[in-house]
């Protein structure tokens, strides 16, 4: 069984608070760093969609936002009665 090596890392208070907010219940700070470090950057996704696919996705998102807004308006009207 191998031994785990540890390293000390200095963080600013602001960086520590950002990391702490990302930490999930039951997760160590090391677990959090490993999870976050393994995430893909949105910049890595640049160029994956064609212009047509991106336009279709934008339209679908806008349509969903419109439906959500309409539904919230309906609920608001119901509560105002």
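All of the numbers you see were taken from the coordinates with simple rules; none came from a lab. Here the structure is a predicted model, which is why all the values come from computation and not from measurement. As a convention, Cβ positions derive from the backbone with ideal geometry for all residues, glycine included, and neighbour counts pool all protein chains shown.
A simple spin-label model places pseudo-atoms 7 Å from Cα toward Cβ; at residue 66 and residue 52 they are separated by 2.2 nm.
Principal-axis analysis of the Cα atoms of the chain puts helix 51-80 at an angle of about 70° to the longest axis. Return one number: the angle in degrees, 0 to 90 and rounded to the nearest 10, between the long axis of the Cα atoms of helix 13-22 and the longest principal axis of the Cα atoms of the chain. With both axes taken from Cα atoms, the answer is about 60 degrees. Helix-only arithmetic for the chain: the sum of -39500 (n - 2.57) across DSSP H runs with n ≥ 4, divided by the residue total, places the mean residue ellipticity at 222 nm at -20000 deg cm²/dmol.
Largest first and in whole Å, what are the equivalent-ellipsoid semi-axes of the chain based on the Cα gyration tensor, each being the root of 5 times an eigenvalue?
On the way: eigenvalues 333, 110, 28 Å².
Listed largest to smallest, the semi-axes of the chain are 41, 23, 12 Å.
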